[in-house]
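The values are calculated or read from the model by the stated rules, or taken from the named source; none is laboratory data. Owing to the predicted nature of the structure, the values given are computational and were not obtained by experimental measurement. So basically every Cβ, Gly included, is an ideal-geometry build from the backbone, and we count neighbours across all protein chains shown.
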Amino acid sequence: MKKILIILCCFFIFPFKCLAISADKAVVMDINSGRVLYDLNSHEPQLIASITKIMTCLVTIMYSDLDKIVVTDEEILKAYGSSVYLEVGEEIKLKDLLYGLMLRSGNDSAVAIAKTVAGSVDSFVYLMNEYAQTIGMKDTKFVNPHGLDENGIGNYSTAYDMALLTRIAMHNPTFKEIFGTTHYEASSNLKKYTWEGKNKMFQIYKYTTGGKTGYTDAAHKTLVSTASKDNKDLVIVTLTDPDDFNDHKSLYETYFNKYEAVKTLDKATFKVDDSYYENVDFYIKNDYYALVTNEEKKALKVNIILYKYDNVIDNIKIGEAQVMLNDTMLHSESIYAKKINTEEKTKKLSFWEKFIRWFKKW
(Lines give C-alpha, C1' and ligand atoms only; values in the text may rest on other atoms or scores of the structure.)
Protein backbone atom coordinates (compact mmCIF):
# COMPACT_ATOMS: atom_id res chain seq x y z
CA MET A 1 0.00 0.00 0.00
CA LYS A 2 2.83 2.36 0.85
CA LYS A 3 4.42 1.69 -2.56
CA ILE A 4 1.17 2.58 -4.34
CA LEU A 5 0.92 5.83 -2.41
CA ILE A 6 4.52 6.72 -3.25
CA ILE A 7 3.90 6.07 -6.97
CA LEU A 8 0.74 8.18 -6.95
CA CYS A 9 2.58 11.02 -5.21
CA CYS A 10 5.27 10.88 -7.88
CA PHE A 11 2.66 11.35 -10.60
CA PHE A 12 1.45 14.55 -8.94
CA ILE A 13 4.87 15.93 -8.05
CA PHE A 14 6.62 14.89 -11.28
CA PRO A 15 3.85 14.64 -13.88
CA PHE A 16 4.66 12.61 -16.98
CA LYS A 17 4.00 13.97 -20.45
CA CYS A 18 0.68 12.76 -21.86
CA LEU A 19 2.25 12.44 -25.31
CA ALA A 20 5.39 10.31 -25.31
CA ILE A 21 7.40 9.92 -28.51
CA SER A 22 10.85 8.51 -29.19
CA ALA A 23 12.24 11.47 -31.15
CA ASP A 24 14.96 13.78 -29.88
CA LYS A 25 13.43 16.64 -31.87
CA ALA A 26 9.99 17.08 -33.38
CA VAL A 27 7.42 19.59 -34.57
CA VAL A 28 3.77 19.56 -35.64
CA MET A 29 2.85 22.48 -37.90
CA ASP A 30 -0.39 23.65 -39.50
CA ILE A 31 0.37 23.79 -43.24
CA ASN A 32 -2.13 26.56 -43.92
CA SER A 33 -1.04 29.03 -41.25
CA GLY A 34 2.47 27.91 -40.29
CA ARG A 35 1.36 27.77 -36.66
CA VAL A 36 3.36 25.35 -34.50
CA LEU A 37 1.03 23.04 -32.57
CA TYR A 38 3.71 20.88 -30.91
CA ASP A 39 7.38 21.59 -30.30
CA LEU A 40 10.13 19.33 -29.02
CA ASN A 41 13.58 20.94 -29.40
CA SER A 42 12.46 21.95 -32.89
CA HIS A 43 15.11 24.69 -33.31
CA GLU A 44 18.12 22.52 -32.46
CA PRO A 45 20.22 21.77 -35.59
CA GLN A 46 21.47 18.31 -36.48
CA LEU A 47 22.32 16.17 -39.50
CA ILE A 48 19.15 15.45 -41.48
CA ALA A 49 20.11 12.71 -43.98
CA SER A 50 17.80 12.16 -46.98
CA ILE A 51 14.97 14.49 -46.00
CA THR A 52 17.41 16.90 -47.68
CA LYS A 53 15.83 15.73 -50.92
CA ILE A 54 12.70 17.77 -50.21
CA MET A 55 14.77 20.87 -50.96
CA THR A 56 16.45 19.18 -53.93
CA CYS A 57 13.06 18.37 -55.42
CA LEU A 58 11.55 21.82 -54.87
CA VAL A 59 14.58 23.72 -56.23
CA THR A 60 14.54 21.52 -59.35
CA ILE A 61 10.85 22.25 -59.94
CA MET A 62 11.47 25.97 -59.50
CA TYR A 63 14.58 26.32 -61.65
CA SER A 64 14.29 23.81 -64.49
CA ASP A 65 12.17 22.34 -67.27
CA LEU A 66 11.07 18.94 -66.00
CA ASP A 67 10.74 17.63 -69.56
CA LYS A 68 14.48 18.10 -70.09
CA ILE A 69 16.42 14.95 -70.93
CA VAL A 70 19.23 14.16 -68.49
CA VAL A 71 22.35 12.45 -69.81
CA THR A 72 24.24 10.84 -66.92
CA ASP A 73 28.01 10.93 -66.60
CA GLU A 74 30.69 9.35 -64.38
CA GLU A 75 29.87 11.61 -61.42
CA ILE A 76 26.86 9.46 -60.53
CA LEU A 77 29.33 6.68 -59.64
CA LYS A 78 30.48 8.73 -56.65
CA ALA A 79 27.04 8.46 -55.05
CA TYR A 80 26.76 5.54 -52.63
CA GLY A 81 23.99 4.31 -50.36
CA SER A 82 20.40 4.27 -51.62
CA SER A 83 20.23 4.36 -55.40
CA VAL A 84 18.00 3.88 -58.44
CA TYR A 85 21.04 2.34 -60.18
CA LEU A 86 21.52 4.73 -63.07
CA GLU A 87 24.16 3.87 -65.64
CA VAL A 88 26.70 6.18 -67.25
CA GLY A 89 25.36 7.51 -70.55
CA GLU A 90 21.74 6.88 -69.63
CA GLU A 91 19.15 9.30 -71.02
CA ILE A 92 16.10 9.90 -68.86
CA LYS A 93 13.60 12.70 -68.30
CA LEU A 94 14.33 15.05 -65.39
CA LYS A 95 10.80 14.63 -64.02
CA ASP A 96 11.33 10.86 -63.85
CA LEU A 97 14.51 11.37 -61.85
CA LEU A 98 12.55 13.43 -59.32
CA TYR A 99 10.30 10.44 -58.66
CA GLY A 100 13.37 8.23 -58.26
CA LEU A 101 14.78 10.84 -55.89
CA MET A 102 11.70 10.97 -53.68
CA LEU A 103 10.31 7.42 -53.82
CA ARG A 104 13.61 5.48 -53.73
CA SER A 105 15.80 8.21 -52.22
CA GLY A 106 18.23 7.80 -55.11
CA ASN A 107 21.53 9.49 -54.31
CA ASP A 108 22.62 8.94 -57.91
CA SER A 109 19.42 10.72 -58.99
CA ALA A 110 20.32 13.67 -56.75
CA VAL A 111 23.75 14.04 -58.37
CA ALA A 112 22.38 13.76 -61.92
CA ILE A 113 19.61 16.26 -61.12
CA ALA A 114 22.00 18.78 -59.58
CA LYS A 115 24.38 18.75 -62.53
CA THR A 116 21.53 19.07 -65.04
CA VAL A 117 19.81 21.95 -63.27
CA ALA A 118 22.82 24.06 -62.25
CA GLY A 119 25.80 22.75 -64.24
CA SER A 120 27.55 21.37 -61.16
CA VAL A 121 26.71 19.97 -57.75
CA ASP A 122 28.31 22.98 -56.01
CA SER A 123 26.23 25.43 -58.04
CA PHE A 124 23.07 23.50 -57.21
CA VAL A 125 23.92 23.52 -53.49
CA TYR A 126 24.28 27.30 -53.75
CA LEU A 127 20.69 27.47 -55.04
CA MET A 128 19.54 25.28 -52.14
CA ASN A 129 21.12 27.53 -49.53
CA GLU A 130 19.96 30.69 -51.26
CA TYR A 131 16.35 29.51 -51.24
CA ALA A 132 16.65 28.34 -47.64
CA GLN A 133 17.63 31.87 -46.61
CA THR A 134 14.86 33.39 -48.72
CA ILE A 135 12.11 31.47 -46.92
CA GLY A 136 13.55 31.92 -43.43
CA MET A 137 15.33 28.62 -42.73
CA LYS A 138 17.66 30.28 -40.24
CA ASP A 139 19.38 27.17 -38.86
CA THR A 140 20.00 25.24 -42.07
CA LYS A 141 23.14 24.61 -44.11
CA PHE A 142 23.31 22.35 -47.17
CA VAL A 143 26.58 20.91 -48.51
CA ASN A 144 25.14 18.38 -50.97
CA PRO A 145 21.83 17.54 -52.72
CA HIS A 146 21.34 14.04 -51.26
CA GLY A 147 21.98 14.11 -47.48
CA LEU A 148 24.95 11.76 -47.16
CA ASP A 149 27.41 12.72 -44.44
CA GLU A 150 31.04 11.85 -43.70
CA ASN A 151 32.87 12.48 -40.42
CA GLY A 152 30.06 14.71 -39.18
CA ILE A 153 30.10 16.83 -42.34
CA GLY A 154 26.73 16.89 -44.04
CA ASN A 155 23.49 18.80 -44.29
CA TYR A 156 22.32 20.39 -41.04
CA SER A 157 18.84 21.66 -40.30
CA THR A 158 16.13 21.67 -37.63
CA ALA A 159 12.72 20.09 -37.31
CA TYR A 160 11.18 23.57 -37.53
CA ASP A 161 13.11 24.58 -40.67
CA MET A 162 12.21 21.34 -42.45
CA ALA A 163 8.53 21.78 -41.54
CA LEU A 164 8.68 25.35 -42.85
CA LEU A 165 10.21 24.13 -46.12
CA THR A 166 7.64 21.36 -46.53
CA ARG A 167 4.77 23.71 -45.77
CA ILE A 168 5.89 25.99 -48.61
CA ALA A 169 6.60 23.07 -50.94
CA MET A 170 3.10 21.64 -50.42
CA HIS A 171 1.64 24.76 -52.03
CA ASN A 172 3.45 23.81 -55.26
CA PRO A 173 1.13 21.45 -57.22
CA THR A 174 3.98 19.56 -58.94
CA PHE A 175 5.83 18.96 -55.67
CA LYS A 176 2.62 17.92 -53.94
CA GLU A 177 1.93 15.35 -56.65
CA ILE A 178 5.43 13.84 -56.44
CA PHE A 179 5.46 13.92 -52.62
CA GLY A 180 2.19 12.03 -52.49
CA THR A 181 3.08 9.32 -55.02
CA THR A 182 3.61 5.74 -53.82
CA HIS A 183 4.22 3.96 -57.15
CA TYR A 184 5.87 5.20 -60.35
CA GLU A 185 7.08 3.71 -63.61
CA ALA A 186 9.70 5.33 -65.83
CA SER A 187 11.94 4.43 -68.75
CA SER A 188 15.22 5.58 -70.24
CA ASN A 189 17.11 4.74 -73.40
CA LEU A 190 18.59 1.74 -71.58
CA LYS A 191 15.91 0.27 -69.31
CA LYS A 192 12.57 0.52 -67.54
CA TYR A 193 12.05 1.36 -63.88
CA THR A 194 9.33 0.52 -61.37
CA TRP A 195 9.62 2.39 -58.08
CA GLU A 196 7.70 1.84 -54.85
CA GLY A 197 7.91 4.48 -52.13
CA LYS A 198 9.74 3.90 -48.84
CA ASN A 199 7.32 5.98 -46.77
CA LYS A 200 5.36 3.45 -44.66
CA MET A 201 3.05 6.19 -43.42
CA PHE A 202 0.86 5.50 -46.44
CA GLN A 203 0.32 1.94 -45.16
CA ILE A 204 -0.25 2.69 -41.47
CA TYR A 205 -2.20 5.96 -41.61
CA LYS A 206 -4.92 6.49 -44.19
CA TYR A 207 -4.90 10.29 -44.04
CA THR A 208 -1.25 10.55 -45.16
CA THR A 209 -0.68 12.81 -48.17
CA GLY A 210 3.10 12.68 -48.52
CA GLY A 211 6.45 12.05 -46.91
CA LYS A 212 10.20 11.58 -47.13
CA THR A 213 12.34 9.24 -45.07
CA GLY A 214 16.00 9.62 -44.14
CA TYR A 215 18.74 7.64 -42.43
CA THR A 216 22.49 7.68 -41.93
CA ASP A 217 24.53 6.26 -39.06
CA ALA A 218 25.24 9.79 -37.81
CA ALA A 219 21.81 11.35 -38.34
CA HIS A 220 19.82 8.23 -37.38
CA LYS A 221 16.20 8.05 -38.58
CA THR A 222 14.62 11.29 -39.84
CA LEU A 223 11.12 11.63 -41.25
CA VAL A 224 8.93 14.33 -42.76
CA SER A 225 5.28 13.53 -43.46
CA THR A 226 2.04 15.33 -44.26
CA ALA A 227 -1.58 14.38 -43.66
CA SER A 228 -5.02 15.90 -44.20
CA LYS A 229 -8.31 15.25 -42.43
CA ASP A 230 -11.55 17.26 -42.27
CA ASN A 231 -9.98 20.42 -43.80
CA LYS A 232 -7.03 20.14 -41.42
CA ASP A 233 -3.58 19.91 -43.06
CA LEU A 234 -0.53 19.10 -40.94
CA VAL A 235 3.17 18.51 -41.49
CA ILE A 236 5.21 16.57 -38.93
CA VAL A 237 9.00 16.35 -38.71
CA THR A 238 10.90 14.04 -36.37
CA LEU A 239 14.68 13.83 -36.05
CA THR A 240 16.64 11.00 -34.41
CA ASP A 241 13.53 8.90 -33.94
CA PRO A 242 13.81 5.08 -33.76
CA ASP A 243 10.00 4.69 -33.88
CA ASP A 244 9.28 7.43 -36.39
CA PHE A 245 6.28 6.01 -38.29
CA ASN A 246 4.33 5.15 -35.14
CA ASP A 247 5.24 8.49 -33.58
CA HIS A 248 3.92 10.35 -36.62
CA LYS A 249 0.67 8.40 -36.52
CA SER A 250 0.27 9.13 -32.81
CA LEU A 251 0.97 12.84 -33.30
CA TYR A 252 -1.54 13.10 -36.15
CA GLU A 253 -4.26 11.40 -34.15
CA THR A 254 -3.58 13.64 -31.15
CA TYR A 255 -3.59 16.96 -33.01
CA PHE A 256 -6.37 16.17 -35.46
CA ASN A 257 -8.52 15.45 -32.41
CA LYS A 258 -7.35 18.48 -30.44
CA TYR A 259 -7.96 21.08 -33.17
CA GLU A 260 -11.03 21.97 -35.19
CA ALA A 261 -11.09 23.52 -38.67
CA VAL A 262 -13.32 26.60 -38.50
CA LYS A 263 -14.34 28.12 -41.84
CA THR A 264 -13.47 31.76 -41.35
CA LEU A 265 -13.47 32.85 -45.01
CA ASP A 266 -16.08 31.63 -47.48
CA LYS A 267 -15.58 32.73 -51.08
CA ALA A 268 -19.22 31.96 -51.91
CA THR A 269 -20.67 34.32 -49.29
CA PHE A 270 -17.81 36.82 -48.86
CA LYS A 271 -19.06 40.39 -48.49
CA VAL A 272 -17.59 43.74 -47.48
CA ASP A 273 -19.63 46.70 -46.26
CA ASP A 274 -17.76 49.80 -47.38
CA SER A 275 -19.10 53.26 -48.21
CA TYR A 276 -15.96 54.42 -50.08
CA TYR A 277 -16.67 52.18 -53.07
CA GLU A 278 -20.34 52.50 -54.02
CA ASN A 279 -20.39 50.58 -57.29
CA VAL A 280 -17.90 47.84 -56.53
CA ASP A 281 -18.31 44.19 -55.59
CA PHE A 282 -15.59 42.49 -53.55
CA TYR A 283 -14.56 38.86 -53.80
CA ILE A 284 -11.89 36.39 -52.67
CA LYS A 285 -10.60 33.34 -54.53
CA ASN A 286 -10.21 30.82 -51.70
CA ASP A 287 -11.95 29.55 -48.61
CA TYR A 288 -9.90 29.45 -45.42
CA TYR A 289 -10.20 27.16 -42.42
CA ALA A 290 -8.56 28.25 -39.18
CA LEU A 291 -7.18 25.45 -37.02
CA VAL A 292 -8.14 26.23 -33.41
CA THR A 293 -9.08 24.53 -30.18
CA ASN A 294 -12.62 24.85 -28.87
CA GLU A 295 -11.42 27.44 -26.34
CA GLU A 296 -9.76 29.53 -29.06
CA LYS A 297 -12.83 29.91 -31.27
CA LYS A 298 -13.97 33.07 -29.51
CA ALA A 299 -10.60 34.69 -30.18
CA LEU A 300 -10.97 34.38 -33.97
CA LYS A 301 -11.78 37.47 -36.01
CA VAL A 302 -11.37 38.77 -39.57
CA ASN A 303 -9.86 42.18 -40.23
CA ILE A 304 -10.76 43.75 -43.58
CA ILE A 305 -8.21 46.15 -45.03
CA LEU A 306 -9.11 48.02 -48.22
CA TYR A 307 -6.82 50.20 -50.29
CA LYS A 308 -8.25 53.56 -51.38
CA TYR A 309 -8.09 53.94 -55.16
CA ASP A 310 -9.61 56.77 -57.18
CA ASN A 311 -10.21 54.47 -60.11
CA VAL A 312 -11.04 50.78 -59.95
CA ILE A 313 -10.62 48.26 -62.74
CA ASP A 314 -12.07 44.77 -62.75
CA ASN A 315 -10.18 42.05 -60.88
CA ILE A 316 -7.64 44.41 -59.32
CA LYS A 317 -6.36 43.45 -55.87
CA ILE A 318 -8.00 45.98 -53.60
CA GLY A 319 -7.27 44.74 -50.09
CA GLU A 320 -6.73 41.87 -47.68
CA ALA A 321 -8.87 39.78 -45.38
CA GLN A 322 -6.70 38.96 -42.36
CA VAL A 323 -7.71 36.04 -40.15
CA MET A 324 -6.57 36.81 -36.61
CA LEU A 325 -6.27 34.69 -33.48
CA ASN A 326 -6.02 37.32 -30.79
CA ASP A 327 -3.07 39.43 -32.05
CA THR A 328 -1.58 36.71 -34.26
CA MET A 329 -2.35 36.66 -37.97
CA LEU A 330 -3.04 33.12 -39.15
CA HIS A 331 -3.74 33.93 -42.77
CA SER A 332 -4.06 36.80 -45.24
CA GLU A 333 -6.33 36.40 -48.26
CA SER A 334 -6.29 38.89 -51.15
CA ILE A 335 -9.51 40.81 -51.83
CA TYR A 336 -10.34 41.65 -55.45
CA ALA A 337 -12.73 44.21 -56.95
CA LYS A 338 -15.26 44.06 -59.72
CA LYS A 339 -17.22 47.08 -60.88
CA ILE A 340 -20.99 46.81 -61.24
CA ASN A 341 -23.38 49.26 -62.84
CA THR A 342 -26.17 50.89 -60.89
CA GLU A 343 -28.91 48.71 -62.35
CA GLU A 344 -27.07 45.49 -61.45
CA LYS A 345 -26.43 46.74 -57.94
CA THR A 346 -30.08 47.70 -57.46
CA LYS A 347 -31.17 44.21 -58.53
CA LYS A 348 -28.92 42.71 -55.82
CA LEU A 349 -30.40 44.83 -53.04
CA SER A 350 -32.79 43.18 -50.60
CA PHE A 351 -36.39 44.36 -50.28
CA TRP A 352 -35.61 46.36 -47.12
CA GLU A 353 -32.52 47.99 -48.68
CA LYS A 354 -34.63 49.07 -51.65
CA PHE A 355 -37.36 50.33 -49.32
CA ILE A 356 -34.90 52.37 -47.24
CA ARG A 357 -33.41 53.96 -50.37
CA TRP A 358 -36.91 54.81 -51.64
CA PHE A 359 -37.88 56.22 -48.23
CA LYS A 360 -34.78 58.46 -48.11
CA LYS A 361 -35.58 59.85 -51.56
CA TRP A 362 -39.21 60.40 -50.59
Looking at (1) in contact with a Ser or Thr (Cβ under 8 Å, 6 or more places away or on another chain); (2) under 30 Å from Thr328 (Cβ atoms), can you tell me which one Leu37 breaks? (1)
Of the residues Ile153, Ile178, only one is in the same structural domain as Leu101 (by TED's automatic domain parsing), surrounded by 12 or more Cβ atoms within 10 Å (Cβ to Cβ) and free of Cβ contacts under 8 Å to residues at least 12 places away in the same chain; which? Ile153
Would it be correct to say that Asn129 is under 30 Å from Gly34 (Cβ atoms) and in the same structural domain as Thr213 (by TED's automatic domain parsing)? yes
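What residue, among those in the range 278-318 that are part of a loop (DSSP other than H, G, I, E, B), among the hydrophobic types (A, V, I, L, M, F, W, C) and under 32 Å from the mean Cα position of the chain (by Cα), is farthest from Thr264 (Cα to Cα)?
If we take residues in the range 278-318 being part of a loop (DSSP other than H, G, I, E, B), among the hydrophobic types (A, V, I, L, M, F, W, C) and under 32 Å from the mean Cα position of the chain (by Cα), then Ile316 is farthest from Thr264 (Cα to Cα).
Can Thr72 be described as assigned by TED's automatic domain parsing to the domain that holds Ala159, out of contact with any strand residue (DSSP E or B) (no Cβ under 6 Å at 6 or more places or on another chain) and either within 30 Å of Ile21 (Cβ to Cβ) or touching a residue at least 12 places away in the same chain (Cβ under 8 Å) (or both)? Steps first, please.
Values: assigned by TED's automatic domain parsing to the domain that holds Ala159: yes; out of contact with any strand residue (DSSP E or B) (no Cβ under 6 Å at 6 or more places or on another chain): yes; either within 30 Å of Ile21 (Cβ to Cβ) or touching a residue at least 12 places away in the same chain (Cβ under 8 Å) (or both): yes.
When the stated conditions are applied, Thr72 passes them.
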When Glu177 is evaluated against the numbered criteria (1) under 27 Å from Val71 (Cα atoms); (2) of a type in the set (D, E, K, R); (3) in contact with a His (Cβ under 7 Å, 6 or more places away or on another chain), which criterion, by number, is the only one it fails? (3)
May I ask you to list the residues in the range 277-291 that are surrounded by fewer than 16 Cβ atoms within 10 Å (Cβ to Cβ) and in contact with a Leu (Cβ under 7 Å, 6 or more places away or on another chain)? Asp287
For Pro145, all conditions in the list (1) part of a helix (DSSP H, G or I); (2) crowded, with 20+ Cβ neighbours inside 10 Å hold save one; what is the number of the exception? (1)
If Lys271 satisfies every condition in (1) in contact (Cβ under 8 Å) with a residue 60 or more places away in the chain; (2) of a type in the set (Lys, Arg); (3) under 30 Å from Lys338 (Cβ atoms) but one, which is the exception? (1)
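Among the residues of the range 18-59, count how many are out of contact with any Gly (no Cβ under 7 Å at 6 or more places or on another chain) and either among the charged types (D, E, K, R) or over 22 Å from Tyr288 (Cα atoms) (or both).
Initial filter on the range 18-59 (out of contact with any Gly (no Cβ under 7 Å at 6 or more places or on another chain)): 18-46, 54-59.
If we keep only those that are either among the charged types (D, E, K, R) or over 22 Å from Tyr288 (Cα atoms) (or both) too, we end up with 18-27, 30, 35, 39-46, 54-59.
Counting residues in the range 18-59 that are out of contact with any Gly (no Cβ under 7 Å at 6 or more places or on another chain) and either among the charged types (D, E, K, R) or over 22 Å from Tyr288 (Cα atoms) (or both) gives 26.
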Considering Tyr131, Tyr184, Tyr80, which residue is modelled with pLDDT under 95 and surrounded by fewer than 20 Cβ atoms within 10 Å (Cβ to Cβ)? Tyr80
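Would you pick out the residues in the range 63-114 that are charged (D, E, K, R) and part of a loop (DSSP other than H, G, I, E, B)? First the steps, then the outcome.
Within the range 63-114, the subset charged (D, E, K, R) is 65, 67-68, 73-75, 78, 87, 90-91, 93, 95-96, 104, 108.
Asp65, Asp67, Lys68, Asp73, Glu87, Glu90, Arg104 - these are the residues of the range 63-114 that are charged (D, E, K, R) and part of a loop (DSSP other than H, G, I, E, B).
Here are Thr116, Thr60: which of them is without any contact (Cβ under 8 Å) to a residue 60 or more places away in the chain, in contact with a helix residue (DSSP H, G or I) (Cβ under 7 Å, 6 or more places away or on another chain) and over 28 Å from Ala163 (Cβ atoms)? Spell out how you get there, then give the answer.
Details: Thr60 fails: over 28 Å from Ala163 (Cβ atoms).
Of the residues listed, the single one that is without any contact (Cβ under 8 Å) to a residue 60 or more places away in the chain, in contact with a helix residue (DSSP H, G or I) (Cβ under 7 Å, 6 or more places away or on another chain) and over 28 Å from Ala163 (Cβ atoms) is Thr116.
Can you name the residue in the range 237-277 that is part of a loop (DSSP other than H, G, I, E, B), acidic (Asp, Glu) and under 28 Å from Thr213 (Cβ atoms) and is also nearest to the chain's Cα centre (by Cα) among such residues? Don't jump to the end; show me each part of the working.
Of the range 237-277, the ones part of a loop (DSSP other than H, G, I, E, B) are 240-243, 259, 266-277.
Imposing the further condition that a residue be acidic (Asp, Glu) reduces the set to 241, 243, 266, 273-274.
Still in the running and under 28 Å from Thr213 (Cβ atoms): 241, 243.
On the way: Asp241: 21, Asp243: 22 Å.
Going through the qualifying residues, I end up with Asp241.
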Please find, within the range 321-342, the residue that is modelled with the lowest pLDDT out of those that are over 16 Å from Val36 (Cα atoms) and among the charged types (D, E, K, R). Lys339
Out of curiosity, is Glu90 more than 28 Å from the chain's Cα centre (by Cα) and either surrounded by fewer than 22 Cβ atoms within 10 Å (Cβ to Cβ) or in the same structural domain as Gly152 (by TED's automatic domain parsing) (or both)? yes
